[in-house]
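Participant: Structure incoming, see below.
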Amino acid sequence: MKNLIAEANQAVEQFAGQVKARYYPAYHIAAKSGWINDPNGLIYFNNQYHVFFQHHPYNEQWGKIHWGHVVSDDLVHWRNLPIALAPSQEYDKDGCFSGCAIDDNGILTLIYTGHVVLKEAGDKSVFKQVQCLATSKDGIHFEKQGVIVTPPEGIMHFRDPKVWRQDDQWYMVVGVNDHDNTGQVWLYHSQDLYHWQFVQVLAKMADPNVYMLECPDFFPLGDKYVLTCSPQGMKANGYHYRNRYQSGYIVGDWQPGSPFTITQDFTELDFGHDYYAPQTLISHDQRRIVIAWMDMWDSVMPSQADKWAGVLTLPRTLMLSSNNKLLINPITELKSLRGIQKKITSINLSNVIQDLQLDSMQCELILKIDLTNSDAERAGIALSASPDGKQSTLLYVDNQAQRVILDRTYSGEGMVGYRSVALPADKFLTLHIFIDHSSVEVFVNEGQATLTSRIYPTSEKRTLFLFAENGALRVEQLDYWQIKNMRG
Ligand code: FRU
């Protein structure tokens, strides 16, 4: 039999030579070459963090999906490992779709969706999806053990299993498009990981337009349970749901044998352009950490010209606030990547643009704006800006709309439009920003909201400007760090 994994690894190496630095991340997970989408199989196992991802190694487009694999000791520095899964069996021959990893009594075990196309017809293709299991002795090479869950008759979209252990049982959530064309999350349970029984429909979306809930994850946080998922079919509504598909969370109460009773209905997890298919893991010290795909289906992806596409977000901690909202912050381990530092205090600007002369290729910034002493109509920071200021990504306070805006109109190749969140009703607005070649991640006021977007600046030199239009901006403090490369 052909060694499909070896062939796929070779393809990745072959194209890696064509990957250029201009958009390639220095401290985010990405494939050496080729396409990636969802993070899969996140787990802390045998003192190491594993991240797998949906990967098409043969070119920079989505295709027959494999599982790529990286490991880390600290959630910051990641090493590439060989591809873990390749489509090879009659039940997964058209793709090893998204899934999870678990520790089965010391055996690293992957549970994923086997995808088989029965009839090719674009959007109307007919396919079959089943849940499959693979095990590993060394944490690198995996042996497929076959199909463990098949869908009931007539269910076609049935994917993205997330499994956990509780009260001596295994539980699994799966995303489903039900017979009535609604998006649902189904719950299964098992004693042995190989035989599964359907328990209940854990959740449906109230929005009748939602036809599929992709990539569900379900976990305890504080004294609640949180369901994260990626609904398809929602329509844009004002400032909300403006991307092709959404990702969000639902908070409620649950225990085995009971329904999931909702206390906080669907809320978006991120408000930027590029955030999808989040999955969580528990860190060595019991923090709940989320990683997502930092792209969106059907977006322009200029890095494809360089033989690669797709990046994962930084790992972020999840905490539940007293009003059942998620607080989302970068993991503190990232501080180990901080390099050259600059701190500026008390900057007062009025009707001007100020070049900070700080390199904006790969950096971290904390910008503390005094809102009570800033009356500019628009004021903030231009990120990844060309020295002449013509190209930049604008992050600013719009005082008239009372919103924090991330504007990609001048962000580079193929970029348009803005995203925003409500301006917090506090004295200070703190914007914690990570820039890495072709991405911007913004954490607003200690994680009350995040905005995540890809950008494609063409300038080789990238700087930062502060600006205030028609009025004043007072920056209490600006902290800047260059960020080191995480690879070698
Ligand atoms: C989400 C998704 C999953 C599926 C995978 C296929 O982005 O569509 O539902 O398993 O990607 O690559």
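Participant: In degrees, nearest 10, range 0 to 90: what is the angle between the Cα axis of helix 4-16 and the longest Cα principal axis of the chain?
Facilitator: Long axis of 4-16 versus the principal axis of the chain: about 20 degrees.
Participant: Could you list, bin by bin from short to long, the percent of Cα-Cα pairs of the range 312-405 in 10 Å steps?
Facilitator: So the P(r) values, bin by bin, are 12, 34, 38, 16, 1.
Participant: Cα centroids of the range 57-108 and the range 228-288: how far apart, whole angstrom?
Facilitator: Here the answer is 23 Å between Cα centres.
Participant: If we count other beta carbons within 10 Å of each Cβ, what is the order of LYS204, LYS20, LYS119, fewest first?
Facilitator: Ascending number of Cβ neighbours within 10 Å: LYS119, LYS20, LYS204.
Participant: With charges only on Cβ, +1 for K and R and -1 for D and E, what is the dipole size of the range 224-287 about its Cα centre, in debye, rounded to 20?
Facilitator: The dipole of the range 224-287 has a size of about 160 debye.
Participant: A further question follows. Within the set LYS137/LYS162; LYS162/LYS224; LYS204/LYS224; LYS32/LYS235; LYS128/LYS204, which residue pairs have Cα atoms separated by over 30 Å?
Facilitator: LYS32/LYS235
Participant: Excluding VAL440 itself, calculate the net charge of residues whose Cβ lies under 14 Å from the Cβ of VAL440, where each Lys or Arg counts +1 and each Asp or Glu counts -1.
Facilitator: -3
Participant: Still on this structure, please answer the following. Sorting ILE65, ILE328, ILE291, ILE347 on the 10 Å Cβ count, fewest up front, what's the list?
Facilitator: Ordered from fewest to most neighbouring Cβ atoms within 10 Å, ILE65, ILE328, ILE291, ILE347 come out as ILE347, ILE328, ILE291, ILE65.
Participant: For the range 254-390, what is the number of Lys pairs with C-alpha distance below 22 angstrom, counting only pairs 8 or more positions apart or on separate chains?
Facilitator: 4
Participant: Test of understanding: ordering LEU473, LEU356, LEU431 by Cβ neighbours within 10 Å, fewest first, what list do you get?
Facilitator: Taking fewest neighbouring Cβ atoms as first place, the list is LEU356, LEU431, LEU473.
Participant: Lys/Arg Cβ at +1, Asp/Glu Cβ at -1, dipole of the range 367-429 taken about the Cα centre: which of PRO387, LEU367, VAL421 is farthest positive-ward?
Facilitator: In the range 367-429, that residue is VAL421.
Participant: A follow-up question, please. Let me know the charge dipole size of the chain about its Cα centre in debye, to the nearest 20, where only the beta-carbon of Lys, Arg (+1) and Asp, Glu (-1) is charged.
Facilitator: Dipole magnitude for the chain comes out near 760 debye.
Participant: Roughly how compact is the chain, stated as its Cα Rg over 2.2 N^0.38 Å to two decimals?
Facilitator: 0.97
Participant: Another question about this same structure. Does the range 334-483 classify as rounded, prolate or oblate by the C-alpha gyration tensor (a ≥ b ≥ c root eigenvalues; a/c under 1.5 gives rounded; else a/b over b/c gives prolate, otherwise oblate)?
Facilitator: rounded
Participant: Express in whole angstrom the spacing between the alpha-carbon centres of the range 109-177 and the range 338-367.
Facilitator: After rounding, the separation between the Cα centres reads 47 Å.
Participant: Using only helices, what value at 222 nm comes out for the chain when you add -39,500 (n - 2.57) per DSSP H run of length 4 or more and divide by the total residues, to the nearest 500 deg cm²/dmol?
Facilitator: Rounded to the nearest 500, the figure is -1000 deg cm²/dmol.
Participant: Just flag the chymotrypsin sites (Phe, Trp or Tyr not before Pro) in the range 175-210 sitting in loop per DSSP whose Cβ has no more than 16 other Cβ atoms within 10 Å.
Facilitator: Counting only loop positions with at most 16 other Cβ atoms within 10 Å, the chymotrypsin sites (Phe, Trp or Tyr not before Pro) in the range 175-210 are TYR194.
Participant: Looking at the range 305-388, which trypsin sites (Lys or Arg not before Pro) are DSSP coil and have at most 10 other C-beta atoms within 10 Å of their C-beta?
Facilitator: Within the range 305-388, no trypsin sites (Lys or Arg not before Pro) qualify (loop, at most 10 other Cβ atoms within 10 Å).
Participant: May I pose another question? Rounded if a/c is under 1.5, else prolate if a/b beats b/c, else oblate: with a ≥ b ≥ c from the C-alpha gyration tensor eigenvalues square-rooted, which is the range 1-96?
Facilitator: Since a/c reaches 1.5 but b/c is at least a/b, the shape of the range 1-96 is classed as oblate.
Participant: Spelling out what I want: for every residue of the range 131-146, take phi, set θ = phi - 60°, compute 6.51 cos²θ - 1.76 cosθ + 1.60 (Karplus), and round to whole Hz; glycine and proline get x.
Facilitator: 8, 10, 10, 9, 10, 9, 8, 10, x, 10, 9, 10, 10, 6, 10, x
Participant: Cross-link candidates for LYS2: which aspartates and glutamates have Cα within less than 20 Å, leaving aside residues fewer than 8 places away along the same chain?
Facilitator: Reachable aspartates and glutamates: GLU13, GLU90, ASP92, ASP94, GLU143.
Participant: Looking at GLY106, TRP67, PRO220, which one has the Cα that reaches farthest to the positive end of the dipole of the range 1-330 (charges on Cβ: Lys, Arg +1; Asp, Glu -1)?
Facilitator: Toward the positive end, the furthest listed residue is TRP67.
Participant: Within the range 289-381, report the GluC sites (Glu not before Pro) that DSSP leaves as loop and that have at most 16 other Cβ atoms within 10 Å.
Facilitator: Within the range 289-381, the qualifying GluC sites (Glu not before Pro) (loop, at most 16 other Cβ atoms within 10 Å) are GLU377.
Participant: Something else about it: Once you keep just the Cα pairs under 8 angstrom separated by 6 or more residues, what percentage relative contact order results for the range 1-330?
Facilitator: Relative contact order for the range 1-330 comes out at 14 percent.
Participant: Can you list the HN-Hα couplings for the range 381-389, worked out from phi with the Karplus curve (6.51, -1.76, 1.60; θ = phi - 60°), rounded to whole Hz and with x for Gly and Pro?
Facilitator: Once θ is set to phi - 60°, the couplings for the range 381-389 become 9, 9, 9, 6, 8, 5, x, 7, x Hz.
Any read-out appearing in this document is the output of simple, stated calculations on the displayed coordinates, not a laboratory observation. Just so you know, these numbers come straight off a predicted model, no measurement behind them. When we count neighbours, we look across all protein chains shown, and the Cβ atoms used for this are built from the backbone with ideal geometry, even at glycine.
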